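The values are calculated or read from the model by the stated rules, or taken from the named source; none is laboratory data. Computed from a predicted model, the values in this text were never measured in an experiment. Heads up, the Cβs are rebuilt from the backbone with ideal geometry, glycines too, and the neighbour counts pull from every protein chain shown.
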Amino acid sequence: MRTTSEQSFFKMLYIAVGCAALLYVIHVGLNYRKIEKKLESDSAVVVHPVMGEHDVAEIGYIYEMRREHLLTEGRLNLVWFVVVPSTNVHYSCSYEEGFADFETGDGVRLIHRGADDDPDGADYGDIVGLHGREQGKTAMVWVIDADRAELELGPDEN
């Protein structure tokens, strides 16, 4: 049988754990709303594709994508993985703003810096949809030449 002071201690412990759990749920819920609000405002930006002097435009398709709500951090990780069949080069394209609803299998035009003008294999670029409801829709992305990045890291460091 527990004493009154032990019962009070456990009651306070249960209340403290309950409050901590409630605060965590509120934190995660607020972060989810923050993510969705930012995505809504970023998606409302109309991105006009720009071809710079050293840029190249390649036709490819999205072969994989990652869409993660990082609730504890309050941010969205949206990445499209694009392959250009004519060169078999793979790109990792992290969403910045513009159209956010590209999906796996969508045909796209990827506008980015040419390999000779991009020493580290990373820079801003655009993804432009080619077909269906995505046709002409554009997203600004951070483009990384995944093949070059893998070579620089080496296969054992991934």
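Structure summary
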{"item": "Conditions (1) in contact with a helix residue (DSSP H, G or I) (Cβ under 9 Å, 6 or more places away or on another chain); (2) assigned to a loop (DSSP other than H, G, I, E, B): number failed by residue 97", "result": "(2)"}
{"item": "Of all residues making up segment 128-147, the number that are without any contact (Cβ under 8 Å) to a residue 60 or more places away in the chain and closer than 13 Å to residue 60 by Cα", "result": "2"}
{"item": "Matching entry among 50, 46 (being exposed (fewer than 11 other Cβ atoms within 10 Å of the Cβ), on the phi < 0 side of the Ramachandran plot and touching a residue at least 24 places away in the same chain (Cβ under 8 Å))", "result": "46"}
{"item": "Number of the condition not met by residue 66 [criteria: (1) of a type outside the set (Gly, Ala, Ser); (2) closer than 30 Å to residue 24 by Cβ; (3) crowded, with 20+ Cβ neighbours inside 10 Å]", "result": "(3)"}
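Matching residues to (1) in a loop (DSSP other than H, G, I, E, B); (2) within 13 Å of residue 50 (Cβ to Cβ); (3) modelled with pLDDT of 95 or more:
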site: 90; (1), (2), (3): no, no, no
site: 108; (1), (2), (3): no, no, yes
site: 112; (1), (2), (3): no, yes, no
site: 116; (1), (2), (3): no, no, no
site: 120; (1), (2), (3): yes, no, no
site: 124; (1), (2), (3): no, yes, no
site: 128; (1), (2), (3): no, yes, yes
site: 133; (1), (2), (3): no, no, no
